[in-house]
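Please read the structure below before turning to the comments.
Each reported figure results from applying straightforward, stated rules to the coordinates on display, with no laboratory input. It should be emphasised that the depicted structure is a prediction, and the values quoted were computed from it without experimental measurement. Glycine gets a Cβ as well: all are built from the backbone with ideal geometry, and neighbour counts include every protein chain shown.
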Amino acid sequence: MAVSTEQQILIEQRVTNEAKSIGASYLLWFFVGYLGGHRFYLDRKGSAIVMLLLTIFGVILSVVGVGFILLAVVGIWALVDAFLIPGMVAEQKNKVRNNLLQQAMLSAN
């Protein structure tokens, strides 16, 4: 069963309210991007933990000299993420929208 126009409007309002902000994502990327802060915010916890661990090990191992390679990898990854953030935010909004649509369809039955 399809949802009504009124329900669709309510769903879009909730998506706007509940979805993650692209501005907040970029602020987190700028200030704590090397720690994966923007990825934690966008519910990408697995890759955020990997980014955080690479940074920690990179800092620790930089005493030996090997850590700079890890830090370079994290730096490149963070730079690439600057271009991926809009897509990650859109994907997160779609997840919120789909969850709300499923809830609306279940409550209609």
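Some values worked out for this structure:
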| item | result |
| --- | --- |
| Residue-averaged [θ]222 nm for the chain, counting only DSSP H segments that reach four residues, each worth -39500 (n - 2.57) | -27500 deg cm²/dmol |
| Label-point separation, residue 32 to residue 3 (7 Å along Cα→Cβ), nm | 3.2 |
| Contact order normalised by residue count of the chain, Cα under 8 Å, 6+ apart, percent | 35 |
| Answer label for Rg/Rh (Cα atoms, Kirkwood Rh) (calculated), chosen among (i) 0.98; (ii) 1.06; (iii) 1.19 | (iii) |
| Kyte-Doolittle at least -0.5, axis length at least 27 Å by Cα - qualifying DSSP helices, the chain | 67-108 |
| Length released on extending from residue 95 to residue 72, taking residue separation times 0.36 nm less the Cα-Cα span | 5.1 nm |
